[in-house]
1. Out of all the residues in the stretch A:58-112, which are touching a Cys at 6+ places or on another chain (Cβ under 6 Å) and either surrounded by fewer than 18 Cβ atoms within 10 Å (Cβ to Cβ) or more than 14 Å from chain B (Cβ to nearest Cβ) (or both)?
2. Considering only the stretch B:147-195, state which residues are over 15 Å from B:Pro96 (Cα atoms) and outside any helix (DSSP H, G or I).
3. Please specify each residue of the stretch B:77-114 satisfying the condition of being out of contact with any helix residue (DSSP H, G or I) (no Cβ under 6 Å at 6 or more places or on another chain) and on the phi > 0 side of the Ramachandran plot.
4. Please work out if A:Leu110 is under 30 Å from A:Asn3 (Cβ atoms) and without any contact (Cβ under 8 Å) to a residue 60 or more places away in the chain.
5. Identify, please: which residue in the stretch A:29-52 is in contact (Cβ under 8 Å) with a residue 60 or more places away in the chain and more than 7 Å from chain B (Cβ to nearest Cβ) and is, among those, farthest from A:Thr66 (Cα to Cα)?
6. Quick one: A:Leu149 ticks every box in (1) of a type in the set (A, V, I, L, M); (2) within 13 Å of chain B (Cβ to nearest Cβ); (3) touching a residue at least 60 places away in the same chain (Cβ under 8 Å); (4) surrounded by fewer than 18 Cβ atoms within 10 Å (Cβ to Cβ) except a single one, so which number is it?
7. For a quick check of your reading: which helices (runs of 4 or more DSSP H) sit entirely within the stretch B:19-122 and have at least 1 residues that are more than 9 Å from every other protein chain (Cβ to nearest Cβ) and under 21 Å from the mean Cα position of the chain (by Cα)?
8. If the Cβ limit is 7 Å and pairs must be 6+ apart or interchain, which residue in the stretch B:17-46 that is closer than 24 Å to B:Asn128 by Cα pairs with which residue that is part of a helix (DSSP H, G or I) and of a type outside the set (Gly, Ala, Ser)?
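The values are calculated or read from the model by the stated rules, or taken from the named source; none is laboratory data. All values derive from a computational prediction rather than experimental measurement. Glycine also receives a Cβ, built like all others from the backbone with ideal geometry; neighbour counts cover every protein chain displayed.
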Amino acid sequence: MINELLLQFAHWMEAQEYSQMLVAGYYSYSWLEATHVLTLMISIGSLFIIDFRMLGWVMPNVPASTIAARLHKPMIIGFVIMFITGALLVYAKPVETIQSLWFRMKMILLLLAFINAWIFNNRLKTAEGNWDNDPVAPGPLRTGAIISLVLWCGVVTLGRYIPYDWVDCTNTTNTTILWAAGCVDQLNAL
Amino acid sequence: MLGSILSQYARSLAVLAIFLLMVLVEVLDIRDAIYPGLESFFNWMNQSSWIGVIGTTYGSVYATVEALHLLSMAVLGGTVLATDLRLLGIIFKDVPSETLVTGTHKCFGWALLMAILTGIFCAAGVANKVYFMEVFWIKMLVLIAGSCFMLFIKQPLLTSRPHTQINPWTIRLVAVTSMLIWFTVAANGRWIGFS
């Protein structure tokens with residue numbers, strides 16, 4: 001049911017004039033993709049430095065809360081640009097993207113990464129105090145930092161897999177993969 | 001006398017020497033002479049070297065290494081931005097810039113090493129294509145220039161004395177140059193995928 005609705009929505013988006021303009025213009029799509037990828041250096045670069053500080057890998061002599069607070073703004077700016085360009089990339093190729101197993105897995109990891117970030121921020125606020133100048137953050141924050149690193153590495157890796165066609169709807173007959181990728185037409189044809 | 005002058009301006013003279021070398025390479029057509037000879041090496045990288053064979057045979061391995069390349073570039077970018085924006089006085093105003101320069105350098109070094117190693121693997125997988133791409137060669141030149149700039153100019157200069165003793169405009173110039181260099185490397189790398 002949900003796969004059918006998503007596919008209908010994707011077809012509706014694909015029929016939009018601006019969606020076709022984005023994908024038809026070689027440079028518009030390339031620039032969008034390039035901006036999406038290059039903004040990694042601002043968003044994930046800043047996030048990883050915060051995580052590395054929690055683990056004591058960078059600048060252990062600078063208070064952890066200072067690093068987190070000072071890098072918060074560039075990180076958010078980076079993520080906002082990434083989400084806008086990411087949404088436009090989906091808008092440009094909606095059917096292909098919505099039926100990509102990698103894209104769906106990426107969205108799940110993205111959701112988990114945000115839940116982890118929310119928990120991490122709450123822990124950071126409640127843990128403020130005597131550990132701030134320690135070279136390594138307390139256990140729960142370290143765990144949050146490791147989970148964050150793993151999830152974001154997964155997000156980037158799955159994002160990199162999206163252009164590859166190993167498990168595209170037309171390349172597999174495995175019903176579980178077809179269902180997970182939302183390949184409605186192929187499932188109906190079986 | 002001459003020795004003391006040379007040691008005082010060692011970095012500036014090194015930069016001048018590199019610049020002159022580049023001019024000579026171009027004027028004397030050395031680049032054009034070297035380029036055709038490299039084609040067989042690139043073909044070997046792609047078809048015979050083990051990294052080239054793995055890269056061309058296993059798409060999933062290639063894509064995973066590509067992701068690692070992106071991740072190492074993200075870490076590299078994060079360290080460069082944190083340091084350079086501090087040098088420009090935009091962020092981390094309450095942290096001494098010397099602390100950031102020394103605190104992020106090790107992480108930068110690891111990220112650069114990782115980016116180079118994964119980059120070699122990625123290039124080997126498509127070596128027969130990138131050889132003919134102008135954007136690939138621009139990226140390589142800027143990467144070499146950037147690495148030399150970081151290791152032989154920026155880091156030695158910023159760790160040689162307290163930053164209050166360095167002309168503020170020199171510091172700003174170094175920060176802007178550093179950001180431009182790494183942005184150019186990353187942007188050219190992205191453009192290789194479109195070419």
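1. Across the stretch A:58-112, the qualifying residue is only A:Gln99.
2. Within the stretch B:147-195, B:Asn167, B:Ser195 meet the criteria.
3. B:Gly89
4. On the way: under 30 Å from A:Asn3 (Cβ atoms): yes; without any contact (Cβ under 8 Å) to a residue 60 or more places away in the chain: yes.
In short, yes.
5. Filtering first and then ranking leaves A:Tyr29.
6. A:Leu149 satisfies every listed condition except (4).
7. B:30-47, B:59-87
8. Here the result reads B:Arg31/B:Val25; B:Phe42/B:Asn128; B:Asn43/B:Asn128; B:Asn46/B:Thr56; B:Asn46/B:Asn128, each pair linking the stretch B:17-46 to a residue that is part of a helix (DSSP H, G or I) and of a type outside the set (Gly, Ala, Ser).
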